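Before any comments, here is the structure.
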Amino acid sequence: MKFYLKTSIFFVLSMLFASNSIFESVLFSKSETISAKQEVKQAEKNYISKYQFDKGYEEAIEFIKKHEGFAGGKVYFDASGIKTIGYGHRIKNGEVFPEKISQKEAENILRKDFDKAVWYAEKETNTEGYKKIVIAHFIYAKGIGNFLRSTFKKKVFSGESIDEELKKWCYYRGTNGEPVRSEYIYKIRLWEIEMYNRES
């Protein structure tokens, strides 16, 4: 009986120590995960801060806000018939938004989208300053796929003038199938050209 009692006590104590060490390892594992996430978050923050104060960044944000409009913070359909909200954010599958968002929320979404476009501009080109911001604006407006396939990209890499090339990106098909220039988009392209050609 004494042997059984001693064995039972030993077993209980062993289990307590084991569970305590498991608990510690779980806590350590969780803290490691939190720490890793914090490091990634900080790295992203540091990376973004590298270009958020670049020449043209804030100007581009304000320009987008002005030409995209806010539409009262409600969901609307853009010229291509795509569901959009805020300052031109195209709603992706799975994204859910309230019936109405604030201007602050819309700007946060815009900055997140534009930051991604700047990241692509840095990844795909070796441009800096105003030129990088213009490429990011083009990617934001037309998509990374269009940029990668464009003669605009080739002109950027060759160091040639991009003026006439960008002006081509303001046409749409009319009812008769003929290309029609959008004066609204043409003015946007002129803004890009002017910024691209500035002294960095």
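The values are calculated or read from the model by the stated rules, or taken from the named source; none is laboratory data. The structure presented is a predicted model; accordingly, all values stated were derived computationally and were not measured. Note that each Cβ is placed from the backbone with ideal geometry, even for glycine, and that neighbours are counted across all protein chains shown.
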Which residue is modelled with the highest pLDDT, if the candidates are limited to region 170-200 and must be farther than 21 Å from Lys65 by Cβ and in a loop (DSSP other than H, G, I, E, B)? Asn197
Could we say that Lys123 is among the basic types (Lys, Arg), within 17 Å of Glu68 (Cα to Cα) and without any contact (Cβ under 8 Å) to a residue 40 or more places away in the chain here? no
How many residues are in a helix (DSSP H, G or I), in contact with a helix residue (DSSP H, G or I) (Cβ under 9 Å, 6 or more places away or on another chain) and in contact (Cβ under 8 Å) with a residue 12 or more places away in the chain if we restrict to region 91-118? 11
Could you tell me whether any residue of region 137-153 is free of Cβ contacts under 8 Å to residues at least 40 places away in the same chain, surrounded by 14 or more Cβ atoms within 10 Å (Cβ to Cβ) and more than 20 Å from Trp169 (Cα to Cα)? no
Boolean, Glu44 is in a helix (DSSP H, G or I), modelled with pLDDT under 65 and either surrounded by 12 or more Cβ atoms within 10 Å (Cβ to Cβ) or not polar (S, T, N, Q) (or both): yes
All positions within region 153-169 that are of a type outside the set (Val, Ile, Thr) and either closer than 22 Å to Ile61 by Cβ or assigned to a helix (DSSP H, G or I) (or both): Lys153, Lys154, Lys155, Phe157, Ser158, Asp163, Glu164, Glu165, Leu166, Lys167, Trp169
